[in-house]
Structures are given as C-alpha cells and as structure tokens.
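Contents: one structure, followed by commentary.
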Protein chains: 2
Amino acid sequence: MNYEQIIRLMLERGFLLPSSEIYADALAGFWDYGPLGVALKNKYVELWRRYLVRRDNMVEIDGCQIMPKSVFVASGHLAGFEDPIVSCTKCNLTLRADRLIQEKTGKIIPERLPNQELDNLISSNDIRCPNCGGNFGNVRRFNMMFKVNVGPSGEEAYLRPETCQSIFVDFPRLFKVMRCKLPVAFAQYGKSFRNEISPRQSLMRLREFYQAEIEVFFNPDKANEFEKFDAVKSEVLRLALDGEKLEEITAAEALEKGYLPNKLIAYYLVILKQFYQYAGLDVKRSRFRKLGDDEKAFYASSAFDFEVETSLGWIELVACNHRGDYDLSGHSKVSKKDMTVLDGDRDVLPNVFELSMGVDRSIYAIIEHSLVVDGERTVLRFKPYLAPIQVGVFPLVTRDGLPEAAKQIYSKIKLNFEAFYDESGSIGRRYRRMDEIGTPFCITVDYQTLEDNTVTIRDRDTMKQDRVKISELEQALQRRLFTYSP
Amino acid sequence: MNYEQIIRLMLERGFLLPSSEIYADALAGFWDYGPLGVALKNKYVELWRRYLVRRDNMVEIDGCQIMPKSVFVASGHLAGFEDPIVSCTKCNLTLRADRLIQEKTGKIIPERLPNQELDNLISSNDIRCPNCGGNFGNVRRFNMMFKVNVGPSGEEAYLRPETCQSIFVDFPRLFKVMRCKLPVAFAQYGKSFRNEISPRQSLMRLREFYQAEIEVFFNPDKANEFEKFDAVKSEVLRLALDGEKLEEITAAEALEKGYLPNKLIAYYLVILKQFYQYAGLDVKRSRFRKLGDDEKAFYASSAFDFEVETSLGWIELVACNHRGDYDLSGHSKVSKKDMTVLDGDRDVLPNVFELSMGVDRSIYAIIEHSLVVDGERTVLRFKPYLAPIQVGVFPLVTRDGLPEAAKQIYSKIKLNFEAFYDESGSIGRRYRRMDEIGTPFCITVDYQTLEDNTVTIRDRDTMKQDRVKISELEQALQRRLFTYSP
C-alpha cells in the first residue's frame with residue numbers, strides 16, 4: 001500500500017482526521033488523532049519512556065509551549081528561523097522560493113542562499129506563477145514561529161518551534177534539585193509549532209506536531225570516557241556517510257574509523273536504533289545519514305539524520321545533532337545566568353548532543369512498515385505492546401447465552417486492557433476487522449465455554465487459536481502482550 | 001502545610017518550576033512540570049483513562065490546539081469570551097474591573113455586569129489605582145483567546161480556550177467511523193490556553209493548562225432511560241444546592257427529590273466522584289456545588305462544580321455542565337454541516353453533558369490531600385499506582401558488595417517500574433527522602449541478601465518491612481503497586 005491508501009485506511013478506522021474539517025477555513029498542516037491514533041501514540045511514547053528515558057535514567061520534563069521573546073533571542077530563532085518566500089504580483093500566491101526554483105530547475109537549492117541570488121535564479125530561469133502565469137515579486141524572509149501576545153499589554157511571546165528550548169531554560173534548576181551529574185540526558189515529549197509556508201502530506205509536514213526530544217548534557221573533554229558504550233559496541237549501525245552509499249558497521253569500528261566523533265554519540269545512536277527495533281520498524285530499511293556542511297544546522301558540529309524508507313522515499317524521523325555549547329552559552333549570555341555546572345572539581349559549560357524525534361512521522365513509518373496485505377487480509381502487524389486495541393472479545397454467535405458470557409469477560413478485562421467487544425457479522429469478518437487495526441489477540445466465547453469455562457485466544461500473526469481457562473485469561477494476555485522483543 | 005509551603009516542596013523536589021524562570025521577561029501564568037510532576041501527571045491521566053474513559057467505553061481524541069476562526073464564531077468565544085478590564089490613566093496598570101471592585105468593596109460583582117455599571121461602581125466607590133493612586137479610564141472588554149496568524153497570508157486562528165471544541169468538530173466523522181450509538185461519551189486530555197489578565201497562585205489560574213474533558217452526547221428524550229445508572233444509584237453524593245449548605249444523599253434520592261435533572265447526569269457525577277476516590281482525594285472534603293443562574297455559563301441549563309477544600313479554600317476541579325444542543329447546533333449553523341445522528345429510527349441533534357476537568361489543579365489538590373506531616377516525617381501518601389517514583393532501591397551500607405547487589409536489582413527492575421537508586425546518607429535519611437516524594441515502597445539490600453538472596457520491602461505508610469526473595473520481587477511489587485482502591 002502506498003501513502004494515500006494508508007492514510008485512507010487511517011481515516012476510515014479512526015486513527016486520524018483533518019482538524020476542523022467541517023469548516024471551509026480549516027487550515028492545512030493540522031491533524032487530529034482519533035481513538036486508535038491516540039492509543040497507538042500513547043503506547044509509542046510509553047515505549048520511548050521505557051527504552052530511552054528510564055533505561056538511561058533521563059530527567060523528563062513537560063514545559064510550556066508559549067515562551068517569552070528572550071528565549072528565542074537566545075536560541076537564534078527570532079533572527080534566523082526563516083524561510084525565503086516569494087509572492088505573485090498578480091494573484092498573490094505565496095510559495096517557498098527555494099522549493100519553487102528547485103521544482104522548476106531540478107537543481108538542489110540551499111535555503112540559505114541570499115535573497116538576491118534567489119531573485120536572480122527566478123528571473124534567469126524565467127520562473128512564473130504556476131497559478132496565473134504572473135511575475136513574482138522579490139524574495140523575502142518569513143519567520144516560521146507563531147507569535148502570540150500575552151496579557152492586556154500584549155507582551156511578545158512565541159509558540160516554541162522545538163521542545164528542546166524548554167529543556168535548556170529548565171536545566172539550571174533541575175540539574176541542581178535532581179542532584180544530577182554529567183553526563184545526564186533530559187527528555188521531553190510535547191508539541192511544537194512551525195508556521196510552514198506550504199504544509200504537505202498530512203503527518204509529514206505539520207504546523208502543529210509532536211516531538212520527543214532528548215538532550216544529552218556532557219563535558220566535552222570526556223565524551224570518550226563513557227563506560228556505557230562497552231555494552232553496545234558490537235551493535236551494527238547502518239551509516240550513509242557520503243550520499244546514498246551505505247556501510248553496515250559495528251559501533252566500535254565506526255569509532256575506530258573516525259565515522260563517529262566519540263563514544264557518547266555512538267552509544268546514543270545505538271540505543272536509538274534499538275528503540276526503533278522494539279517499536280517494530282524494519283531497521284533494515286533505515287540509515288543514519290551524515291549531513292553535509294550545507295545541510296546541517298549552523299550550530300551543529302556533526303549531524304546525522306535517522307531516516308527510514310517508505311512509499312514516500314526516505315523520510316527523516318530523528319535529527320541527531322552535536323550542538324556543542326551553542327544553546328547553553330546563548331541562554332547564558334541573554335539571561336546573564338551562569339549555566340556552568342560542577343564536573344568533578346571543574347566548572348564546565350556542558351555540550352549538548354540531541355536526539356530530536358518527530359513522533360507523528362515515526363508513527364506513520366511504523367504503520368507503513370507494519371502493514372502486510374496477504375490475500376484478502378490486511379494486517380497491521382504491530383508489536384503487541386504497541387497495538388491500539390489489545391484484545392477483541394467476541395461471542396461465536398449471538399444466541400444461546402454466548403453474548404452474555406462474552407460481555408462478562410469483556411467487562412472484567414477492559415479496565416486492564418484496551419479491549420473491544422464485537423458481535424456484528426461473521427466471526428471471520430470480525431477477525432479481519434481486528435487484523436486491519438492491528439489487534440494482536442482475539443478472545444472467542446463458543447459453546448465449549450459454557451461447558452468448561454474456557455475460551456480461545458486467536459493470534460493475529462499465526463492465526464492459531466489456543467484454548468485457555470477464563471480464570472487464567474488475564475495472565476495469559478499479560479504474558480503475550482508484554483513480551484518485549486526487537 | 002499551606003499552599004506556599006507545598007509549592008516550595010514541589011519546587012525543591014522537581015515536581016514543577018516557573019517556565020523560563022531564568023529570563024526577566026518570563027511570563028506569569030506559565031509553569032513547567034519537572035520529572036516528578038511529569039510522572040505524577042502521567043499516572044493521573046492513566047487513571048482517568050482507566051476509570052472514566054475505558055470503564056465507560058469513551059471515544060478518546062487528541063486534537064490540535066490551533067483552530068480556525070470559524071470554530072470560535074460557532075462556539076461564541078470570539079464574541080463573548082471576554083473579561084472586563086480597566087487601565088490606570090497615569091501608570092497604565094491594567095486590572096480586571098470586576099475583581100478590583102470586589103476587592104475594594106467586599107461585594108460580589110458578576111463579571112457580566114455591563115461596562116457602564118462597572119464604571120459607575122468604580123467612581124461611586126472612588127476606587128483608584130493601587131499602584132500610583134491615579135484614576136482609572138473606562139471599563140473595556142478583553143478577549144481571552146490567544147490569536148495566531150497562520151501561513152504567509154496570516155489567516156486568523158486561535159489557540160483553543162477549552163479542549164472540548166476539538167471534540168465537537170471531530171464528532172461527525174468519528175461518530176460514523178467508530179460505529180457509535182447514543183449515548184456516547186468523547187474524551188480528550190490536552191492543553192488549553194487563556195490569556196488571563198492577572199494569573200495567580202501557580203497551578204490555580206494558568207494561561208496554559210491541561211484539561212481532561214468528557215463530553216457525553218445523548219438523546220435529550222432518553223436521559224432517563226439509562227440502565228448503567230442502576231449499578232451506582234446507592235452511591236452517596238455530597239451536594240451543595242443552595243450556597244454552603246451541604247446534603248449527603250444517594251444518587252437515587254437526589255433524583256427523586258429533583259436535585260439532579262436525570263439519570264444520565266446522576267451517573268456521570270457518581271463515576272466522577274469515584275474516580276477522585278481512586279485518585280486519593282479526600283472526598284469528604286469535596287462537594288458538587290449547584291451554580292446559580294448568575295454564575296453558570298449562558299448555554300448551561302444546569303451546572304455543578306465539583307469542588308474540594310484546600311488551604312486556599314474551596315477550589316473548583318471539574319465543571320459539570322448540561323450544555324443542551326448549544327455546541328452542535330452552533331457548529332452546524334456556521335459550518336452548514338448536518339450534525340444530527342440516527343438514534344433508533346429518528347434523527348436527533350444530540351445534547352451534551354460535560355465533565356470539564358482541570359488537571360493541574362486536580363494534581364495540586366491530590367498533593368495537598370495526600371500530605372501528612374508526622375513528627376519529623378513529611379509523607380506524601382499517594383495511592384501507590386499514582387506515585388511518581390514507585391520504588392526506591394538502597395544498599396544498607398556502601399561497602400562489602402552491597403551497592404553492587406543493589407545496582408543489579410535496580411537495573412533489572414527499572415524498565416518495568418519507576419525506580420530510584422540511592423546510596424547517599426543514612427538509610428533513615430534515604431527513607432525520609434522517599435517519603436517526602438510519596439514513594440510507596442523501598443527495597444533494601446543488606447547482609448542477609450548476600451546469604452539468602454532476599455531483600456526487604458519497606459512500606460511507606462506502615463513503615464513495616466517484609467522480606468522477599470529477589471526472584472519473587474517483581475511480582476511482589478506488581479501486586480502492591482497495582483491494587484486499586486477507593
């Protein structure tokens with residue numbers, strides 16, 4: 001199935017829907033999660049907590065989305081978080097200048113090219129408005145932050161364009177009260193906002209989106225004194241160091257060959273990959289792509305994108321940036337607050353290595369990688385612990401007391417499991433409906449249930465049925481659902 | 001402990017902190033959750049899912065916070081979500097007019113009083129600026145929504161002032177694809193935003209805050225045909241129908257006496273109360289207060305506030321409003337989309353009963369109700385399943401291999417439990433630190449551990465210690481942590 005077909009399935013089964021779709025002024029780039037989407041996303045975030053946050057003893061925060069102007073003076077967003085745009089002088093259609101030129105010429109245009117050069121490219125290639133054929137005005141810059149005015153005096157503030165800014169401003173107090181020592185990672189799951197010029201493809205480029213960001217604070221002199229690395233050094237990473245060329249190599253070898261700058265970074269790339277394995281992504285269709293100097297953010301001394309292959313091509317799920325001391329020194333300068341911390345007997349301004357994860361995209365990629373069309377069956381082969389509905393409960397037929405017996409089981413288990421009761425249609429059709437939304441187990445109440453208090457548990461992937469006692473059902477489900485595997 | 005002392009404890013132990021506090025332009029009314037706050041809030045929301053969303057088969061969504069203008073034309077917020085304000089003509093201090101008059105005169109001033117009458121009250125009471133003694137200008141209205149402009153053409157949109165608007169606009173599609181039947185409840189946990197004039201008392205009046213809202217859609221002709229009510233009819237409700245006077249009465253009697261309008265509403269008030277019992281609130285210090293006509297929202301035909309007593313007095317945690325068909329008919333009119341659904345063989349425009357919960361306030365109230373100061377011990381007696389840290393792991397002393405043995409246990413359990421390893425200070429001091437953040441169980445590794453592979457589990461509330469085998473530790477913790485009780 002391709003992207004459009006998958007989105008249609010998601011719409012029809014209540015995973016997601018366009019936000020405010022009943023209105024003519026509904027805005028592009030805003031999507032809501034329906035009940036199955038909420039459940040899948042919650043479980044995904046819990047897995048992120050389990051395999052990254054808790055495993056690594058991270059400090060998790062949940063910060064405000066509206067932040068004062070100074071934060072974005074310090075972060076550089078106010079001055080530099082801009083896209084080049086052009087408007088048609090006739091019909092006023094506004095587009096991103098770099099993308100427009102790229103599409104018309106087929107050449108890669110860095111967005112950081114000065115306005116004047118973009119203007120020249122537009123006129124030298126005689127690029128006109130795709131809507132009305134009119135001429136474009138001059139290229140100008142458009143800041144992608146959403147501005148809000150706070151209080152009756154209208155104080156200038158912004159919706160954060162990345163969750164990590166909350167982590168940087170909360171770092172001084174929390175490092176102290178949580179009795180942290182370097183290296184220490186802070187984590188946050190939450191919303192960010194970017195006023196994109198032309199949002200596309202539902203979950204791929206949203207104006208309001210979920211990030212799960214991890215910022216590792218460390219002493220730059222000690223990035224290679226990192227004991228935890230030893231436990232993961234034999235793990236294989238798929239690195240694209242130079243364009244599309246791919247190398248499969250152990251973390252230890254990647255370090256030796258100088259592909260990765262230090263043990264700390266190598267460790268975090270490995271545990272990120274492991275996390276996605278547990279999330280059910282096909283990591284054989286993933287890579288860490290090293291960014292060239294023209295691609296990476298200006299503060300990044302080294303940058304890798306974790307990318308996966310989908311029907312839309314390679315998409316970036318996580319930006320892994322060595323941000324140096326850019327953030328803390330910026331905030332320290334503007335706030336005049338000392339951001340150094342004690343490491344051993346020295347005051348150190350920590351460096352930051354970041355794993356900036358797009359949650360909505362990750363969920364899309366997991367759905368696409370989990371989807372198997374097998375004859376008449378469409379099956380979302382989610383890891384059981386990620387499935388939005390964990391258990392279907394069905395009476396075999398709707399007579400002879402079977403529905404009553406099934407409902408009794410359903411009422412009992414639904415507080416502990418995400419369960420769904422269904423009695424409409426043939427049993428085969430009910431199994432198919434559960435397959436399509438990825439429900440790993442279905443319990444069926446049949447005539448034998450009335451005789452010996454047993455039910456069948458049907459496995460989505462093998463389609464085999466086991467018979468278990470009702471008294472042992474919860475334990476049997478617990479064991480099947482919460483066996484974590486890569 | 002009073003409010004200020006509790007907030008200080010929360011700050012010192014990493015529950016929360018003022019957002020962007022390092023900056024001079026940090027804004028009032030914005031607070032971030034630190035790691036313990038995040039964990040407590042997540043567990044609180046999971047409990048809400050368990051006892052309200054899953055128990056009642058609700059449809060949970062997660063909608064966008066930025067919504068287009070039409071939504072708020074339909075909801076009435078654009079025209080009417082306003083506070084009366086006045087500014088000092090000399091120093092420009094701006095205040096809420098109704099509160100200012102209230103404080104100066106001691107009289108209750110409804111915020112809906114016309115501007116002219118508020119002006120008269122200010123001049124007749126000779127109220128002057130508390131800052132500089134200057135005269136106030138005329139009262140004007142201030143819309144409390146935050147406006148944002150979307151895209152290069154700056155389309156008008158707003159941050160939602162209540163999460164329920166996402167539910168109303170998503171209702172038509174989700175009712176269909178989720179194969180719903182009336183009555184059905186939709187639920188959402190997420191952020192809302194209100195541009196308060198003068199935010200106060202940290203978690204009590206925030207500009208950016210979490211709501212957990214439930215909107216029950218029902219056929220108004222059938223609000224008394226509600227079978228689920230029977231199971232809860234003997235539950236006692238504490239109703240304040242007329243000012244402070246309190247009646248303790250069963251749900252069935254409250255219906256009979258006409259205190260509650262119908263079985264559906266009675267049922268949801270009961271399960272809300274039960275939820276808070278499971279959350280560890282002292283419901284003997286709670287009440288459902290019936291709002292008078294001058295207090296309730298203009299669309300509400302009947303309204304109860306669920307309130308609890310704290311060191312700040314009675315605070316509202318949940319607004320329970322019978323909204324009639326106000327919302328769906330408003331959205332239907334502006335969007336021109338038919339919002340009726342089939343109920344049996346009739347098309348019905350559903351009515352809405354709402355449970356609109358303030359999450360941040362609820363968490364504060366649970367903290368205050370859980371806090372016990374007992375001699376030198378400060379103990380947060382959270383329900384074990386709500387505790388931010390579930391298990392402390394300590395070596396009795398830091399020698400003879402005890403730390404190694406304790407760390408091994410810690411590494412093993414920390415993926416499945418929120419665990420905290422600590423070896424600094426005396427064992428008594430470590431227990432106290434865990435008491436203060438509400439950790440229900442502490443595991444101690446002692447000399448006997450090295451002999452027979454057992455550890456002690458210390459119970460926060462009884463301070464008793466049980467000895468259990470390490471091989472049975474996870475099961476023992478599971479049982480202790482996840483025994484739900486009101």
Exercise. Only residues in the stretch B:400-414 that are among the hydroxyl-bearing types (Ser, Thr, Tyr) count as the first member; pair them with residues that are at pLDDT 95 or above and not in a helix (DSSP H, G or I), Cβ under 7 angstrom, at least 6 apart or cross-chain, and list the lot.
Key: B:TYR410/B:VAL393; B:TYR410/B:ALA419; B:TYR410/B:TYR421
Quiz prompt | Answer from A:SER198, A:SER87, A:SER153 - the residue that is under 29 Å from A:MET10 (Cβ atoms) and small (Gly, Ala, Ser) | solution = A:SER198
Self-check item: Flag if A:TYR385 is of a type in the set (Ser, Thr, Tyr), outside the structural domain of A:LEU203 (by TED's automatic domain parsing) and within 24 Å of the chain's Cα centre (by Cα)
Solution: yes
Quiz item: Looking at the stretch B:160-176, which of its residues are touching a Lys or Arg at 6+ places or on another chain (Cβ under 8 Å) and under 23 Å from B:MET357 (Cα atoms)?
Solution: B:PRO161, B:THR163, B:SER166
Quiz prompt | Check on A:SER424, part of a loop (DSSP other than H, G, I, E, B) and either buried (at least 17 other Cβ atoms within 10 Å of the Cβ) or over 28 Å from the mean Cα position of the chain (by Cα) (or both) | solution = yes
Quiz item: Quick check, is A:VAL184 farther than 21 Å from A:CYS320 by Cβ and of a type outside the set (Lys, Arg)?
Solution: no
Exercise. Report whether or not B:LYS176 is among the charged types (D, E, K, R) and within 29 Å of the chain's Cα centre (by Cα).
Key: no
Quiz item: Which numbered condition trips up B:LEU27, out of (1) at the interface with chain A (Cβ under 9 Å from one of its Cβ atoms); (2) within 17 Å of the chain's Cα centre (by Cα); (3) surrounded by fewer than 24 Cβ atoms within 10 Å (Cβ to Cβ); (4) in contact (Cβ under 8 Å) with a residue 24 or more places away in the chain?
Solution: (2)
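Looking only at the stretch A:116-150, filter to residues that are closer than 19 Å to A:ALA79 by Cα and more than 12 Å from chain B (Cβ to nearest Cβ); which one of those is surrounded by the fewest Cβ atoms within 10 Å (Cβ to Cβ)?
Ranking the candidates gives A:GLN116 first.
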Exercise. Would you please name the residue that is farthest from the chain's Cα centre (by Cα), looking only at residues in the stretch A:192-217 that are among the small types (Gly, Ala, Ser) and more than 27 Å from A:PHE353 (Cβ to Cβ)?
Key: A:SER198
Self-check item: A:TYR33 being under 30 Å from A:PRO384 (Cβ atoms) and facing chain B (nearest Cβ under 10 Å)
Solution: yes
Quiz prompt | Inter-residue pairs, beta-carbon under 7 Å, first at positive phi and in the stretch A:467-478, second β-branched (Val, Ile, Thr), 6+ apart | solution = none
Practice problem: Evaluate the following for B:LYS337: is it outside the structural domain of B:PHE175 (by TED's automatic domain parsing), touching a residue at least 12 places away in the same chain (Cβ under 8 Å) and among the charged types (D, E, K, R)? | Solution: no
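Considering only the stretch A:155-273, give the strands (runs of 3 or more DSSP E) lying wholly within it that have at least 3 residues that are touching a residue at least 60 places away in the same chain (Cβ under 8 Å), out of contact with any Pro (no Cβ under 7 Å at 6 or more places or on another chain) and away from chain B (no Cβ under 11 Å). Write out each step before concluding.
Details: elements: A:155-159, A:184-193, A:208-218, A:236-242, A:245-250.
The strands (runs of 3 or more DSSP E) meeting that bar are A:208-218.
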Exercise. State all residues of the stretch A:390-407 that are within 14 Å of chain B (Cβ to nearest Cβ) and either surrounded by fewer than 23 Cβ atoms within 10 Å (Cβ to Cβ) or more than 30 Å from A:ASN2 (Cα to Cα) (or both); if no residue qualifies, say none.
Key: A:VAL393, A:LYS407
Quiz item: Failed condition for A:LEU40, given (1) in contact with a Ser or Thr (Cβ under 8 Å, 6 or more places away or on another chain); (2) more than 8 Å from chain B (Cβ to nearest Cβ); (3) surrounded by 22 or more Cβ atoms within 10 Å (Cβ to Cβ), with all others met?
Solution: (1)
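Pick from the stretch B:370-382 the residues that are surrounded by fewer than 22 Cβ atoms within 10 Å (Cβ to Cβ) and closer than 30 Å to B:GLU208 by Cβ: which of them is farthest from the chain's Cα centre (by Cα)? Working first, answer last.
Within the stretch B:370-382, the subset surrounded by fewer than 22 Cβ atoms within 10 Å (Cβ to Cβ) is B:370-379, B:381.
Still in the list and also closer than 30 Å to B:GLU208 by Cβ: B:370-371, B:378, B:381.
On the way: B:SER370: 16, B:LEU371: 18, B:THR378: 24, B:ARG381: 19 Å.
My answer is B:THR378.
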Quiz item: Would you say B:ASN2 is more than 25 Å from A:THR340 (Cα to Cα) and either hydrophobic (A, V, I, L, M, F, W, C) or over 17 Å from the mean Cα position of the chain (by Cα) (or both)?
Solution: yes
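Could you list, in sequence order, all residues of the stretch B:130-145 that are without any contact (Cβ under 8 Å) to a residue 60 or more places away in the chain and aromatic (Phe, Trp, Tyr)?
Of the stretch B:130-145, the ones without any contact (Cβ under 8 Å) to a residue 60 or more places away in the chain are B:130-141.
The answer is B:PHE136, and nothing else.
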Practice problem: Select from the stretch B:415-457 the residues that are more than 14 Å from chain A (Cβ to nearest Cβ), of a type in the set (Ser, Thr, Tyr) and free of Cβ contacts under 8 Å to residues at least 24 places away in the same chain and write down the one among them that is nearest to A:GLU60 (Cα to Cα). | Solution: B:SER426
Exercise. Hey, could you check the stretch A:227-250 for residues that are among the hydrophobic types (A, V, I, L, M, F, W, C) and modelled with pLDDT of 95 or more and say which is surrounded by the fewest Cβ atoms within 10 Å (Cβ to Cβ)?
Key: A:ALA231
Practice problem: Quickly run through the stretch B:69-101 and pick out the residues that are among the aliphatic types (A, V, I, L, M), within 12 Å of chain A (Cβ to nearest Cβ) and free of Cβ contacts under 8 Å to residues at least 60 places away in the same chain. | Solution: B:VAL86, B:LEU93, B:ALA97
Practice problem: Could you tell me whether the stretch A:184-197 includes any residue that is farther than 30 Å from A:PRO440 by Cβ and modelled with pLDDT under 95? | Solution: yes
Quiz prompt | Odd one out for B:TRP48, checked against (1) closer than 30 Å to B:LEU481 by Cβ; (2) of a type in the set (Phe, Trp, Tyr); (3) more than 14 Å from every other protein chain (Cβ to nearest Cβ) | solution = (3)
Exercise. Can you confirm whether the stretch B:372-391 contains a residue that is closer than 30 Å to B:GLU451 by Cβ, at pLDDT 95 or above and polar (S, T, N, Q)?
Key: yes
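Out of curiosity, is A:GLU295 over 20 Å from the mean Cα position of the chain (by Cα), of a type in the set (Asp, Glu) and outside any helix (DSSP H, G or I)? Walk me through it before giving the result.
Working: over 20 Å from the mean Cα position of the chain (by Cα): yes; of a type in the set (Asp, Glu): yes; outside any helix (DSSP H, G or I): yes.
Against the criterion (over 20 Å from the mean Cα position of the chain (by Cα), of a type in the set (Asp, Glu) and outside any helix (DSSP H, G or I)), A:GLU295 qualifies.
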Quiz item: Which residue pairs have Cβ atoms under 6 Å apart, sit 6 or more places apart or on different chains, and have a first residue in the stretch A:1-22 that is at the interface with chain B (Cβ under 9 Å from one of its Cβ atoms) and a second that is of a type outside the set (Lys, Arg) and assigned to a loop (DSSP other than H, G, I, E, B)?
Solution: A:ARG13/A:ILE437; A:GLY14/A:GLY34; A:GLY14/B:MET178; A:LEU17/A:GLY34; A:SER19/A:PHE30; A:SER19/B:CYS64; A:SER20/A:ALA26
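The values are calculated or read from the model by the stated rules, or taken from the named source; none is laboratory data. Fair warning: this is a prediction, and the values are worked out from it, not measured in the lab. Backbone-built Cβ (ideal geometry, glycine too); neighbour counts: all protein chains shown.
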